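The values are calculated or read from the model by the stated rules, or taken from the named source; none is laboratory data. Predicted, not measured: the structure shown is a model, and the values here were computed from it. Every residue, glycine as well, gets a Cβ built from its backbone with ideal geometry; the counts of neighbours run over all protein chains shown. Quick note on the areas: whole protein, heavy atoms, side chains included, nothing else; ligands and nucleic acids left out. Shrake-Rupley method; radii C 1.70, N 1.55, O 1.52, S 1.80 Å.
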Amino acid sequence: MLNTEKEIIEICQAENKTIADLVMEEEIAAARGKKTEETIRKYLKETLNVMENSARANLNRVTDSKFSMIDGFAKAANEASQREGGDEPMAGSFIMKAMAMAFSTSEVNCAMGKIVAAPTAGSSGILPAAIMAAKDKYRLDEKTLEDGLLTAIAIGKIIAKYSTFAGAEGGCQAECGSAAAMAAAAITAMRGGSASEALTAASISFVNVMGLVCDPIAGLVQYPCTFRNASGVVNAITSADLAMAGVKSIVPLDEVVQAMKEVGDALEPEFRETGLGGLAGTATGNRIRKEFLGE
């Protein structure tokens, strides 16, 4: 994959290609004849199927977990999305439904169900929720969703080159921040946005969560992770809207990702998935940790 935002935009404009086109070409070339566009799209379709199932699985049911930290959030948010009149959520039904789908995948993950860890299990609700919310709203076809996922892969490649996806290394900005950036670019592309707009959306998403710590209670990717999945999909949606409205991020994505790594490296160990600082270090967090460890 090309290394900088500038390079990607220039080649897309010069050759009249999308970011998805570049990723597809690279995947085919890297496979050296072992993969075709057809086989790659088959894999993408299978991946999207798992994402859709997890995003919708808990919208109308509650899965019980050991500590009940996140049980029923998806169902509650989904029910709220259907309220009308004076009870309608201020964020609107679309945003509430998107958050419900992010919660759903988090709950499926908590129950050891099948998910796509894109890019991680702790942030796995964001990309499926964004893609499926866009699918529902705009009635998008399968190829459009596949191209959105290819665009997300491109953002993931840039992140992997310059930084990390691991909360243990970079804090939650590296997990939910990366997922939101991937999702923002994906839905921008799915809506017909340009390569420049998709990269801008990803950049804005990262800017919004720069410095976000990773502080899961008992080291479990449940709380506060599920809230960051819900806010992450909203971050992706609003960042895409801003980019497609013509709002610019003056710092290109590759530089934003490098800045994210610098910030992550500067975080104290307590705030990088050790389960010692932040919310994990509260009295309640310590109590749950002791129960979980049987202390």
Seminar exercise, completed: Apart from one, (1) in a helix (DSSP H, G or I); (2) within 26 Å of Ser178 (Cβ to Cβ); (3) modelled with pLDDT under 95 all hold for Gly86; the odd one out is (2)
Seminar exercise, completed: Over the range 201-218, the set of residues closer than 18 Å to Leu242 by Cα and open to solvent by less than 10 Å² (accessible area, probe 1.4 Å) is Ala201, Ala202, Ser203, Ser205, Phe206
Seminar exercise, completed: Given the conditions (1) within 22 Å of Ala133 (Cβ to Cβ); (2) surrounded by fewer than 24 Cβ atoms within 10 Å (Cβ to Cβ), every one holds for Cys225 apart from (2)
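Would you check which residues across the range 246-262 are in a helix (DSSP H, G or I) and either more than 18 Å from Val209 (Cα to Cα) or open to solvent by less than 50 Å² (accessible area, probe 1.4 Å) (or both) and list them?
Of the residues in the range 246-262, the ones in a helix (DSSP H, G or I) are 253-262.
Leu253, Asp254, Val256, Val257, Ala259, Met260, listed by residue number.
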For this session: Could you please let me know if Gly281 is open to solvent by less than 20 Å² (accessible area, probe 1.4 Å) and touching a Gly at 6+ places or on another chain (Cβ under 9 Å)?
Result: no
For this session: Would you mind telling me which numbered condition in (1) open to solvent by 80 Å² or more (accessible area, probe 1.4 Å); (2) part of a helix (DSSP H, G or I) Asn60 fails?
Result: (2)
Seminar exercise, completed: With criteria (1) of a type in the set (A, V, I, L, M, F, W, C); (2) open to solvent by less than 40 Å² (accessible area, probe 1.4 Å); (3) touching a helix residue (DSSP H, G or I) at 6+ places or on another chain (Cβ under 7 Å); (4) modelled with pLDDT of 95 or more, Val50 comes up short on (3)
Exercise. Given (1) in a helix (DSSP H, G or I); (2) open to solvent by 20 Å² or more (accessible area, probe 1.4 Å); (3) of a type in the set (S, T, N, Q), where does Asn3 come up short, assuming only one miss?
Worked result: (1)
Exercise. Looking only at the range 183-192, which residues are surrounded by 23 or more Cβ atoms within 10 Å (Cβ to Cβ) and more than 13 Å from the chain's Cα centre (by Cα)?
Worked result: Thr188, Ala189, Met190
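Which of the residues that make up the range 65-83 are exposed (fewer than 15 other Cβ atoms within 10 Å of the Cβ) and either modelled with pLDDT under 95 or assigned to a loop (DSSP other than H, G, I, E, B) (or both)?
Let us first name the residues in the range 65-83 that are exposed (fewer than 15 other Cβ atoms within 10 Å of the Cβ), namely 66, 68, 76, 79, 82-83.
Of everything in the range 65-83, those that are exposed (fewer than 15 other Cβ atoms within 10 Å of the Cβ) and either modelled with pLDDT under 95 or assigned to a loop (DSSP other than H, G, I, E, B) (or both) turn out to be Lys66, Ser68, Gln82, Arg83.
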For this session: Please indicate, with yes or no, whether at least one residue in the range 233-245 is in a loop (DSSP other than H, G, I, E, B) and under 30 Å from Leu150 (Cβ atoms).
Result: yes
Problem set entry | Per-region count, the range 106-139, residues over 8 Å from the mean Cα position of the chain (by Cα) and hydroxyl-bearing (Ser, Thr, Tyr) | 3
